[in-house]
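Take a look at the structure below.
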Amino acid sequence: MPNGKDYIPTVAGLAHGDQGDEVEKLQAYLSKFGYLTSPDLIEGFGIDTLHEPEIVAEPGTFDENTTEALKKYQSFYHLPVTGELDEATVALMGAPRCGFPDIGEFNNSGRRWPNTNLTYGFQEFSADLTNNQVIQAMEQALSLWGAVTPLCFRRVAMSAGPDIIIRFVAGDHGDGFAFDGPSGTLAHAFYPPVPPSAPTPIQGDAHFDEAETWTIAVPPPAGTTDLVTVAAHEFGHSLGLGHSAVTGALMYAYYGGPHRFLHSDDINGIRNIY
Ligand code: ZN
Ligand code: ZN
């Protein structure tokens, strides 16, 4: 099996004109998170408009479009906008994060559930926790959003066809967005439908990388990841939110430890949709 983290650059110092495998890694990262045009993201995550015009780089060459895409990334994350793969940029790219791309409007995706009574169900649980612990974590995560909107959430059996299907899966799990082993990408989720169209099966679903070691303990033991925090973030996508550039927001893409509350940015965002 190839290294699941081939999309994460590890060497600082690359700049315009450089070539090689490390440039390809950088381009893979920028494509995976939407800074370079990637048709997979349109199909998979249902983000209709990526870039106009398209931003396509010459594979393996740190060209002008790679520079432009990197500058957009640095700007979104409040890094010095050098257009070079400097130490600060490599460090952030190596940090654990959500697999949802950074494109798409934070609170104006055009995606929403047409009803406020939503159901969720489990296709798999995590081996790291008891099923009841997983259920409690999800209830706590959903309750953050339910507290500030008219939304209600009810757990149902898979046979009842839940709106939001929760999965714990490792590696390739059939949706085109393979997980990558411990750390790196922790989870991803899919937008709700564009009203009035009926949801497709994957819309609203939330997938968690079973290669992580999930916990509900606070503080999390070394090497573990807080499931309540990551689930609350993913359900933000399941409800129609994109990523926030606000560092203290739950919908900020990078995981920095337990964050079991909504920032005013998250509250304003979800209230803009529901
Ligand atoms: Zn996310
Ligand atoms: Zn998935």
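The values are calculated or read from the model by the stated rules, or taken from the named source; none is laboratory data. Note that the structure is predicted; figures quoted are calculated from it, not measured. With ideal geometry, Cβ positions are generated from the backbone for all residues, glycine too; neighbour counts draw on all protein chains shown. SASA here: full protein model, heavy atoms, side chains in, ligands and nucleic acids out. Shrake-Rupley method; radii C 1.70, N 1.55, O 1.52, S 1.80 Å.
Here is how the numbers come out for the structure above:
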| read-out | value |
| --- | --- |
| Residues of segment 180-201 satisfying the condition of being away from ligand 1 (no atom under 14 Å from the Cβ), under 22 Å from T130 (Cα atoms) and crowded, with 18+ Cβ neighbours inside 10 Å | S183 |
| Filtered residue count, segment 223-274, keeping only those that are farther than 15 Å from H188 by Cβ and either within 16 Å of ligand 2 (Cβ to nearest atom) or charged (D, E, K, R) (or both) | 5 |
| Selection within segment 216-238 - crowded, with 17+ Cβ neighbours inside 10 Å and assigned to a loop (DSSP other than H, G, I, E, B) | I216, P220 |
| Selection status of V156, farther than 16 Å from A127 by Cα, touching a Lys or Arg at 6+ places or on another chain (Cβ under 9 Å) and either more than 16 Å from ligand 2 (Cβ to nearest atom) or hydroxyl-bearing (S, T, Y) (or both) | no |
| Answer from L241, L262, L250 - the residue that is assigned to a loop (DSSP other than H, G, I, E, B) and open to solvent by 10 Å² or more (accessible area, probe 1.4 Å) | L262 |
| Meets criteria (surrounded by fewer than 18 Cβ atoms within 10 Å (Cβ to Cβ) and not aromatic (F, W, Y)) for S109 | no |
| Test for A211: is it within 16 Å of ligand 2 (Cβ to nearest atom) and more than 19 Å from H259 (Cβ to Cβ) | yes |
| Those residues of segment 125-151 which are surrounded by fewer than 14 Cβ atoms within 10 Å (Cβ to Cβ) and charged (D, E, K, R), in sequence order | none |
| Single residue of segment 170-179 satisfying the filter (in contact (Cβ under 8 Å) with a residue 24 or more places away in the chain and surrounded by fewer than 19 Cβ atoms within 10 Å (Cβ to Cβ)) that is nearest to ligand 1 (Cβ to nearest atom) | D175 |
| Residue in segment 184-191 that is in contact with a strand residue (DSSP E or B) (Cβ under 9 Å, 6 or more places away or on another chain) and under 16 Å from T116 (Cα atoms) present | no |
| Residues within segment 232-250 that are over 9 Å from the mean Cα position of the chain (by Cα) and either more than 15 Å from G46 (Cβ to Cβ) or more than 9 Å from ligand 1 (Cβ to nearest atom) (or both), tallied | 13 |
| Contacts under 9 angstrom Cβ, first residue in segment 154-167 being under 13 Å from M138 (Cβ atoms), partner of a type in the set (V, I, T) and part of a loop (DSSP other than H, G, I, E, B), 6 or more apart | P162/V156; I165/I202 |
| Residue within segment 151-158 that is within 26 Å of A211 (Cα to Cα), within 16 Å of ligand 1 (Cβ to nearest atom), at pLDDT 95 or above and basic (K, R) present | no |
| One residue from L92, L41, L85, L14 being within 16 Å of ligand 1 (Cβ to nearest atom), crowded, with 18+ Cβ neighbours inside 10 Å and touching a residue at least 60 places away in the same chain (Cβ under 8 Å) | L41 |
| Residues located in segment 202-215, provided they are in a loop (DSSP other than H, G, I, E, B) and buried (at least 19 other Cβ atoms within 10 Å of the Cβ) | Q203, G204, D205, E210, E212 |
